Amino acid sequence: MNQNRLQRNRECEHCKNEFTITDGELSLYKKVDIELPTICNFCRIKQHLSFWMFGKFRKGKSDLSGENLITVLPEKNRYPIYTSTEWYSDKWDAMNYGQDYDENKPFFEQLQKLQKKVPRPHQNGIKNTNCDYCDDVWNSKNCYLARSMEECEDLMYSYRNLKVKNSIDVAICYNSEKCYDSAECHHSYKLFYSKHSRDCIDSYFLYDCRNCQNCFMCWNLRGKSYCIENVEYSREEYLEKIKSYNLGSYQAIQSFKKRFEEIMEDEVVHRLNFNLKIYDSDGDYLLDCKNCHNCNTISESEDCFNCIRGMRHKSDIDADGCWYTELLGNCSCCVNGYALKYSSWSSSRYSEYLDLCIECEYCFGCVGLKKKKYCILNKKYGKVEYEELKNKIISDMKKRGEYGKFLPYSMSAGPFNFSTSFTYFPDTKKEDILKFGGYWEDINESNIEGMSTDKLPDDIKDVPDTIITQALICPLTGWRFNIARNELSFYRENGIPLPRYHFDVRIKESLKTLTVLQSYDYVCCYCKKDRKAYYLPEWNYKKIACEECYKQNIN
């Protein structure tokens with residue numbers, strides 16, 4: 001018993017904090033057949049998501065054809081970049097970069113050498129129309145400078161959305177249209193400056209509202225109309241008040257945002273989490289999940305541990321950014337995978353240590369392969385020879401302490417501070433990432449010319465048509481950005497003042513409240529019982545309600 005306890009209580013090799021492997025985790029590690037982790041869950045997530053580039057959009061050229069492209073991959077990269085069309089074509093073959101295994105060198109060193117030679121696609125995603133200025137976009141149309149979306153249309157400056165149309169600056173929203181500056185909102189229309197609301201129409205500054213219409217600065221409402229700060233008015237009174245607020249003024253909006261923050265701190269009754277339709281599961285932002293533990297932002301999943309940002313997991317553990325997968329262990333950003341281990345950006349089966357491999361089976365330590373079988377370091381073997389060499393490599397890796405660990409930071413596609421991981425761990429220091437062999441990029445654009453945004457007209461009605469030809473300079477980053485023609489039309493149509501900050505700054509600000517991975521101790525404001533909730537203590541939320549009390553009092 002004591003020996004078993006020692007096995008499950010470990011010190012993280014990265015942060016040095018102690019972590020425990022639970023009985024449930026141990027059982028799934030055995031089922032998936034991967035090694036027990038040597039770093040804690042938070043450090044695993046940090047390393048996994050460092051392989052998911054958030055990036056900064058830039059212009060470049062294909063290393064194959066010279067064709068112009070837009071990418072979030074860094075300008076100073078360690079590998080060739082092809083357009084996505086070229087990468088998926090038969091114009092090149094990753095098998096041409098195959099290399100022999102050298103038992104005298106660390107395996108990760110050999111795998112990284114291979115990775116540096118194999119091209120990467122300039123953009124993740126397929127089946128899109130007019131989405132060149134996007135990344136990680138799937139089955140979408142007419143989107144611009146947006147990331148991580150599926151089945152979206154006319155979407156700009158947004159992040160991780162599903163079935164959203166004609167919207168700007170929205171994050172983690174679903175089945176919505178004509179929304180602006182909103183986060184984690186569902187099935188809504190013309191919803192502005194709002195959070196955690198569903199089925200709402202023509203409203204501003206809503207927090208945790210359901211089925212509301214024509215409401216302003218409200219919280220915890222259900223099925224209401226014509227309300228301002230949770231006070232109901234007649235239709236005529238409401239419209240007159242809204243008109244007097246001058247919502248086209250940037251200064252007015254900033255004042256309302258400050259009031260909204262005060263309401264979130266003092267008035268809103270906050271749920272412990274934003275889980276919906278779950279059974280025997282724990283975490284945050286879980287939807288239709290069963291037997292999922294320590295998970296965050298996943299849906300339609302079952303029998304999983306330690307998974308975040310995914311969908312349709314089954315019996316996965318330590319799988320982050322993965323979709324439609326089963327029996328995955330210690331993987332990042334894999335889709336349509338089965339029995340896949342220690343891999344990144346791959347859709348394959350019965351394989352280990354893959355990067356960017358599509359529809360492969362029984363491969364080990366490969367990069368960029370498509371529909372291959374029995375390959376090691378991009379070199380083809382017979383079945384028996386493959387198994388013998390694989391076992392030899394695993395034995396050598398175990399002696400060096402490599403086997404069972406995820407791909408090292410040095411194999412990430414770009415700098416940590418431009419990865420998805422940095423949105424979850426924004427306090428990470430440059431020296432800490434460099435210590436683990438990762439990358440960091442400091443971008444200085446102080447020499448770029450443009451107009452300071454403090455010179456913009458305060459009210460949208462005073463903005464001239466010529467603004468679309470003017471380069472603007474973000475006061476926080478110094479980065480240049482522009483107002484697109486259809487973007488200006490959207491602002492004018494909806495009476496929205498021009499933004500003052502670069503679009504990446506705006507979307508990262510929205511993500512701050514949606515990327516909390518740890519629960520904290522609180523006391524229910526009704527029953528006074530101790531509870532765990534996913535809100536940072538420094539947010540100073542005064543009213544946290546347990547699930548039972550929330551249901552009884554918010555209806």
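The table for this structure:
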{"quantity": "Only one of ILE443, ILE460 that is in contact (Cβ under 8 Å) with a residue 12 or more places away in the chain, among the β-branched types (Val, Ile, Thr) and within 30 Å of HIS14 (Cβ to Cβ)", "calculated": "ILE443"}
{"quantity": "Any hit, the range 453-468, residues being of a type in the set (A, V, I, L, M), crowded, with 18+ Cβ neighbours inside 10 Å and under 25 Å from the mean Cα position of the chain (by Cα)", "calculated": "no"}
{"quantity": "Filtered residues of the range 280-326 (kept if surrounded by 23 or more Cβ atoms within 10 Å (Cβ to Cβ) and within 22 Å of PHE364 (Cα to Cα))", "calculated": "ASP316, ILE317, ASP318, ALA319, ASP320, GLY321, CYS322, THR325"}
{"quantity": "Members of the range 146-179 found to be within 17 Å of ASN130 (Cα to Cα) and in a loop (DSSP other than H, G, I, E, B), listed by number", "calculated": "GLU151, CYS152, TYR157, SER158"}
{"quantity": "Scan of the range 405-423 for residues that are more than 19 Å from TYR342 (Cβ to Cβ) and not β-branched (Val, Ile, Thr), ordered by number", "calculated": "GLY414, PRO415, PHE416, ASN417, PHE418, PHE422"}
{"quantity": "Residues located in the range 152-167, provided they are within 16 Å of the chain's Cα centre (by Cα) and either open to solvent by 10 Å² or more (accessible area, probe 1.4 Å) or over 10 Å from SER140 (Cβ atoms) (or both)", "calculated": "TYR157, SER158, TYR159, ARG160, LEU162"}
{"quantity": "Unmet criterion (only one of (1) more than 18 Å from the chain's Cα centre (by Cα); (2) closer than 17 Å to LYS532 by Cβ) for LYS314", "calculated": "(2)"}
{"quantity": "Residues (part of a helix (DSSP H, G or I), hydrophobic (A, V, I, L, M, F, W, C) and open to solvent by 10 Å² or more (accessible area, probe 1.4 Å)) located in the range 33-55", "calculated": "PHE42, CYS43"}
{"quantity": "Some residue of the range 6-15 being assigned to a loop (DSSP other than H, G, I, E, B) and basic (Lys, Arg)", "calculated": "no"}
{"quantity": "Residue ID - surrounded by the fewest Cβ atoms within 10 Å (Cβ to Cβ), chosen from residues in the range 63-100 that are assigned to a loop (DSSP other than H, G, I, E, B) and touching a Gly at 6+ places or on another chain (Cβ under 8 Å)", "calculated": "GLU75"}
{"quantity": "Residue list for the range 443-456, filter: of a type in the set (Asp, Glu) and either in contact with a helix residue (DSSP H, G or I) (Cβ under 8 Å, 6 or more places away or on another chain) or outside any loop (DSSP other than H, G, I, E, B) (or both)", "calculated": "ASP454"}
{"quantity": "Of residues in the range 530-555 being among the hydrophobic types (A, V, I, L, M, F, W, C) and part of a strand (DSSP E or B), the one nearest to PHE274 (Cα to Cα)", "calculated": "ALA533"}
{"quantity": "Within the range 469-501, considering residues that are assigned to a helix (DSSP H, G or I) and closer than 22 Å to LYS59 by Cβ, the one nearest to the chain's Cα centre (by Cα)", "calculated": "GLU487"}
{"quantity": "Members of the range 17-32 that are open to solvent by less than 20 Å² (accessible area, probe 1.4 Å) and either in contact with an Asp or Glu (Cβ under 6 Å, 6 or more places away or on another chain) or part of a loop (DSSP other than H, G, I, E, B) (or both)", "calculated": "ILE21"}
{"quantity": "Residue match in the range 130-148 (condition: under 30 Å from VAL268 (Cβ atoms), in contact with a Lys or Arg (Cβ under 8 Å, 6 or more places away or on another chain) and at pLDDT 95 or above)", "calculated": "yes"}
{"quantity": "Selected residue [over 28 Å from ASP202 (Cα atoms) and basic (Lys, Arg)] from LYS508, LYS455", "calculated": "LYS455"}
{"quantity": "Number of the exception - ASP284 against (1) within 19 Å of GLY495 (Cα to Cα); (2) not in a helix (DSSP H, G or I)", "calculated": "(1)"}
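To keep it simple, each residue is scored yes or no on (1) open to solvent by less than 40 Å² (accessible area, probe 1.4 Å); (2) modelled with pLDDT under 95.
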{"site": "ASN494", "(1), (2)": "yes, no"}
{"site": "ASP504", "(1), (2)": "yes, no"}
{"site": "LYS512", "(1), (2)": "no, yes"}
{"site": "ALA533", "(1), (2)": "yes, no"}
{"site": "GLU538", "(1), (2)": "no, no"}
{"site": "TYR541", "(1), (2)": "yes, no"}
{"site": "GLU547", "(1), (2)": "no, yes"}
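The values are calculated or read from the model by the stated rules, or taken from the named source; none is laboratory data. For clarity, every value in this text was computed on a predicted model and none was experimentally measured. Backbone-built Cβ (ideal geometry, glycine too); neighbour counts: all protein chains shown. These area figures cover heavy atoms from the full protein model, side chains too; ligands, DNA and RNA do not enter into them. Shrake-Rupley method; radii C 1.70, N 1.55, O 1.52, S 1.80 Å.
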